Amino acid sequence: MGLSDNKQPGTDLARRRFGSAAVLGAVAVFALAAAGLSIIAPNLGPFSAPPSKAAVEVPLKIVATTSMLADAARAIGGERVEVRALMGPGVDPHAYRQTRTDIARLVKSDLAIWNGLYLEAQMEDFFKDLAKHKTVFAAAEIVDRAKLLGHEDYDGRLDPHVWMDPDLWTQAVAGVRDQLIALDPAGEEIYRRNGQRYLEQISAVAKYARTVLETVPAGNRVLLTAHDAFRYFGRAYGFEVIGIQGISTESEAGLNRIKVLVDMLVERKISAIFIESSVADRNIRALIEGAASRGHKVVVGGELFSDAMGLPGTYEGTYIGMIDHNATVITRSLGGATKKRGMSGKLAVTG
């Protein structure tokens, strides 16, 4: 059962229940004081405080919200970092709230990394306050604004799912590298070398995705998923993307929305739709049943990784494996040609 089976309230209400920004700030300051950490200078970047001039101990303690960000920090940092991800496989970042344990880890870290762009909606006030006292980096906030898509659920905000376009994600990854260099200048050569290798791997999987996805017949390039996490993917690879829910999983899909989508499936003869590892599949099942009642067969094309990667220790539990998996499953399910085990034969059997 996905975490979104237990829906969180709207963001404003959730924040009132969890506590105001002032309370969160008090908790953070208290924890900082308890840990013996000094308050450093004002922000120099988007929600990002500058590193202390004092020497840091290696390995650096890095805490990242999402598994994608943690993967980047591990790949670039190597043995000079210890990385912990707050949100593991199947966790929905849109609804995630920090725990007391999370707060303690974050305030004791050398670097706290979050996506930003309102992805971690319930944690935004906390990170803004933490950035006044700690080195905090909102990785997606540095991506070229001209290349970002608008948020369909909230006016004035942007779609946070930038990792779905590997070429776009490289900007955030480069930002993680630069943060590590700023914190630990002695490791600059290692960070640059590892960073270059990781960026080359991202480039390779982006090229693979483009190659196999281009084999999907033009009429089949419709990607219908649980929520709108794949808009950057669709733009990058020429797919029409339709989410049952909006960009945030907090938005609910009503009966009228389900009916409209069932009509579309029948009229356009769409035969495969996709579930997501971090979103409950009940709406997908409702579409399949609705189409069946109209005499049209629709199958689950596969499970895609959207807001979280696969299990730790697996290939799909890396960013490269995540993109390889998604591209391979989508291609095979929609009539394209690809190897069953993906770009380099490392994927688990995909059907």
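The values are calculated or read from the model by the stated rules, or taken from the named source; none is laboratory data. What you see is a predicted model; the values in this text were computed from it and never measured. Glycine gets a Cβ as well: all are built from the backbone with ideal geometry, and neighbour counts include every protein chain shown.
Here's the yes/no breakdown for (1) closer than 18 Å to Glu57 by Cβ; (2) surrounded by fewer than 19 Cβ atoms within 10 Å (Cβ to Cβ); (3) not assigned by TED's automatic domain parsing to the domain that holds Glu57:
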{"position": "Ala75", "(1), (2), (3)": "no, no, no"}
{"position": "Arg84", "(1), (2), (3)": "yes, yes, no"}
{"position": "Tyr96", "(1), (2), (3)": "no, no, no"}
{"position": "Thr99", "(1), (2), (3)": "no, yes, no"}
{"position": "Val107", "(1), (2), (3)": "yes, no, no"}
{"position": "Asp110", "(1), (2), (3)": "yes, no, no"}
{"position": "Trp114", "(1), (2), (3)": "no, no, no"}
{"position": "Glu120", "(1), (2), (3)": "no, no, no"}
{"position": "Glu124", "(1), (2), (3)": "no, no, no"}
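This table checks each residue for (1) in contact (Cβ under 8 Å) with a residue 60 or more places away in the chain; (2) farther than 19 Å from Glu214 by Cβ; (3) touching a helix residue (DSSP H, G or I) at 6+ places or on another chain (Cβ under 7 Å).
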{"site": "Lys269", "(1), (2), (3)": "no, yes, no"}
{"site": "Ile275", "(1), (2), (3)": "no, yes, yes"}
{"site": "Asp281", "(1), (2), (3)": "yes, yes, no"}
{"site": "Ala292", "(1), (2), (3)": "no, yes, no"}
{"site": "Met309", "(1), (2), (3)": "yes, yes, yes"}
{"site": "Gly313", "(1), (2), (3)": "no, yes, no"}
{"site": "Ile320", "(1), (2), (3)": "yes, yes, yes"}
{"site": "Asn326", "(1), (2), (3)": "yes, no, no"}
{"site": "Ala348", "(1), (2), (3)": "no, yes, yes"}
The stretch 129-240: helices (runs of 4 or more DSSP H) wholly inside it with 3 or more residues that are aromatic (Phe, Trp, Tyr) are 188-213, 231-237
Qualifying residues in the stretch 289-331 (those that are assigned to a loop (DSSP other than H, G, I, E, B) and among the aliphatic types (A, V, I, L, M)) - the one farthest from Met343 (Cα to Cα): Val298
Hey, Val212 under 17 Å from Leu334 (Cα atoms) and either modelled with pLDDT under 90 or crowded, with 17+ Cβ neighbours inside 10 Å (or both) or not: yes
Could you list all residues from the stretch 328-339 that are touching a residue at least 40 places away in the same chain (Cβ under 8 Å) and either of a type in the set (Lys, Arg) or closer than 16 Å to Thr225 by Cα (or both)? Thr328, Val329, Ile330, Thr331, Ser333, Leu334
Hits in the stretch 53-100 (condition: assigned to a strand (DSSP E or B) and among the acidic types (Asp, Glu)): Glu82
Residues of the stretch 184-198 satisfying the condition of being buried (at least 17 other Cβ atoms within 10 Å of the Cβ) and over 24 Å from the mean Cα position of the chain (by Cα): Asp184, Gly187, Ile190
Any chance Ala28 is assigned to a helix (DSSP H, G or I), at pLDDT below 50 and either touching a helix residue (DSSP H, G or I) at 6+ places or on another chain (Cβ under 9 Å) or closer than 17 Å to Ile181 by Cα (or both): yes
How many residues, within the stretch 104-122, are in a helix (DSSP H, G or I), at pLDDT 95 or above and farther than 16 Å from Glu82 by Cα? 0
Taking only the stretch 276-299 into account, find how many residues are modelled with pLDDT of 90 or more and within 22 Å of the chain's Cα centre (by Cα). 0
Which of the following residues is small (Gly, Ala, Ser) and over 18 Å from Asn326 (Cα atoms): Ala172, Ala226, Ala206? Ala172
